[in-house]
Amino acid sequence: MGSLINVDYSDELTRMRVHEIVKYFQRLGIPIKLSKIPNDAIADSFYVHYRTPILKEKAERGEELWHFFLRSYISADVYQDVAKISRYNYQVSKSASVKLLRAFNSLLSRVERGAIEGVDEKSDYRELSQNQQLRQEINSLLRFYLGNIKNIENLRKSLAKALGDEVGKEAAELLFDIDIDPYRARLAKILEALVQLVSEAGIEMELGPLAERRGVISGVTRLRSFSDLQRATNLSKAIYLQSRELFGYKLATRSLSIYDVSVDVREKIYLLVDKSGSMFYTLYDGFAMDMTQKITWATALAVALMKRSRRVVMRFFDQIVYPPITNTREVIKALLKVLPLGGTDISAALYTAVRDAKAYGLHSYKLVLVTDGEDDMINPEAIRAAKAAFREVKAILVGGSNEVIEAHLPAIKINMANPESLREVLKNI
């Protein structure tokens with residue numbers, strides 16, 4: 001049974017993947033006639049995406065409609081777009097399988113209602129292939145359930161180049177999983193602008209230097225220069241006393257151990273980034289002569305700081321405060337998954353930061369609040385608590401202002417969301 005030559009339908013892994021897809025439908029309560037769709041067809045729906053499909057010449061008896069549906073899908077433009085991101089990607093293949101089965105389920109419902117003239121459950125393959133209405137119905141259902149995903153692969157590549165392969169891969173998976181085309185397109189545009197902003201800013205992503213504090217031993221490391229011998233460990237001294245030849249070799253190869261007195265003083269940042277509905281409004285980008293969403297600029301700042309410092313803790317917030325993030329992959333994931341809410345509670349975000357500072361010993365971190373300031377209920381006490389909990393507190397006001405924030409904190413105002421403003425803020429944080 002089944003429509004693909006290069007699938008072993010009795011294989012344990014194949015059966016397991018079928019089971020996972022069935023469980024997914026049941027868990028989400030997606031209405032689908034699983035009793036009408038055999039397990040082999042479910043396996044087909046996964047492997048047609050996961051590997052290059054080899055379709056059988058003839059359909060199995062009773063599976064003519066599925067075989068024709070699958071053949072129509074493989075020859076459609078939308079399949080070529082899906083295959084670019086689904087091949088050997090389990091998550092995308094599973095998501096694509098679900099979308100394809102939902103489209104076929106809708107087709108079955110139309111056939112049962114007699115909505116497609118000349119097609120019923122007993123139609124043979126020749127009759128199906130000659131039915132123009134059926135072809136149009138299949139194409140319409142594929143467009144509805146799979147959506148427009150033409151640019152996802154290009155976006156994956158640009159994200160991978162700018163932020164790493166894992167970031168690009170996960171962003172593509174999350175974008176494909178979104179069912180609503182306009183929302184998917186909106187998020188894709190934000191990501192495209194984000195990559196462009198970071199790239200055009202030419203931000204230096206190298207880690208900052210280590211500074212030395214004499215007399216403070218922080219560990220053991222290898223010899224870097226001959227002057228380091230004054231900090232030789234007891235082991236190095238013992239080698240010198242017992243074997244001058246071995247000591248000379250280790251000295252020449254710089255493999256002697258010394259006490260390390262360097263302390264990592266790279267900038268440590270705690271970021272609070274406003275992700276409320278107003279942050280999805282646009283600001284003028286003088287560099288590109290275009291409009292850029294405020295959240296795009298704010299996220300670009302977070303990505304740049306994480307690349308440069310690697311000592312960054314970040315939380316998105318709106319009416320609520322979201323879980324902490326410590327790397328660029330999580331930033332992009334949160335940007336795609338956390339829906340913007342209407343309101344902003346800056347006081348709650350500040351109090352959360354204060355609790356984090358006390359719980360995790362972040363008092364040496366600098367707190368940076370990134371917001372457009374659209375909150376009329378900020379409690380000055382929250383700002384004072386933040387100033388007491390962190391080494392320093394600054395605010396970045398993106399396309400907005402706030403009297404309370406500006407009265408209590410040094411604030412940098414951003415009126416143009418462009419690479420130049422990004423560079424300036426990074427210099428002044």
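The values are calculated or read from the model by the stated rules, or taken from the named source; none is laboratory data. This is a predicted model, so every value here is computed, not measured. All Cβ positions, glycine included, derive from the backbone under ideal geometry; neighbour counts span all protein chains shown. Just so you know, the surface numbers come from the protein's heavy atoms only, side chains and all, with ligands and any DNA or RNA stripped out. Shrake-Rupley method; radii C 1.70, N 1.55, O 1.52, S 1.80 Å.
First measure r as the distance between the Cβ atoms of L28 and N139, then evaluate 1/(1 + (r/R0)^6) with R0 = 35 Å and state the FRET efficiency to the nearest 0.05.
It comes to 0.85.
On C-alpha positions alone, give me the angle between the axis of helix 419-428 and the longest principal axis of the chain, in degrees, nearest 10.
40
Expected output is a single nm value to one decimal: the length gained when fully extending between Q230 and S35, i.e. 0.36 nm times separation in residues minus the C-alpha distance. What is it?
Here the segment from Q230 to S35 would lengthen by 62.3 nm.
Enumerate the aspartates and glutamates that K58 could reach by cross-link, defined here as Cα to Cα under 20 Å, with residues fewer than 8 away along the same chain left out.
Output for K58: D8, D40, D44, D120, E121, D124, E127.
Could you please state, rounded to a whole Å, how far the C-alpha centre of segment 74-141 is from the C-alpha centre of segment 376-398?
Result: 55 Å between the Cα centres.
Loop only by DSSP, 14 or fewer other Cβ within 10 Å of the Cβ. Give me the trypsin sites (Lys or Arg not before Pro) in segment 322-427 that pass, ordered by residue number.
R391
Let me check against my output: what whole-number percent is the relative contact order of segment 318-429, with C-alpha pairs under 8 Å and at least 6 apart?
Computed value for segment 318-429: 22 percent relative contact order.
Before I look further, what does segment 295-422 give for accessible area per residue, probe 1.4 Å, in whole square angstrom?
Value returned for segment 295-422: 41 Å² of accessible area per residue.
Could you calculate the contour length gain from E406 to R355, that is, 0.36 nm times the residue separation minus the distance between their Cα atoms, to one decimal place in nm?
Stretched out fully, the E406 to R355 stretch lengthens by 16.1 nm.
Candidates (1) 35, 25, 23; (2) 40, 22, 22; (3) 54, 32, 18; which is the computed semi-axes √(5λ) of the Cα gyration tensor in Å?
The calculated read-out lines up with (3).
Too long at a 22 Å Cα-Cα cut-off: which of K23/K94; K23/K150; K358/K413; K275/K394; K275/K413?
Pairs exceeding 22 Å: K23/K150; K358/K413.
Count charges around D81 for me, please; just the other residues with Cβ under 10 Å from its Cβ, Lys/Arg as +1, Asp/Glu as -1.
0
Angle between the Cα long axis of helix 77-86 and the longest principal axis of the chain, 0 to 90 degrees, nearest 10?
Helix 77-86 sits roughly 40 degrees off the main axis of the chain.
Students often forget the sequence filter, so: which lysines lie under 30 Å Cα-Cα from K250 once same-chain residues fewer than 8 apart are removed?
K237
Helix 346-360 against the longest principal axis of the chain: what's the angle in degrees, Cα atoms only, rounded to the nearest 10?
60
Which loop GluC sites (Glu not before Pro) in segment 109-142, with loop taken from DSSP, have no more than 12 other Cβ atoms within 10 angstrom of their Cβ?
Sparse-neighbourhood loop GluC sites (Glu not before Pro): E117, E121.
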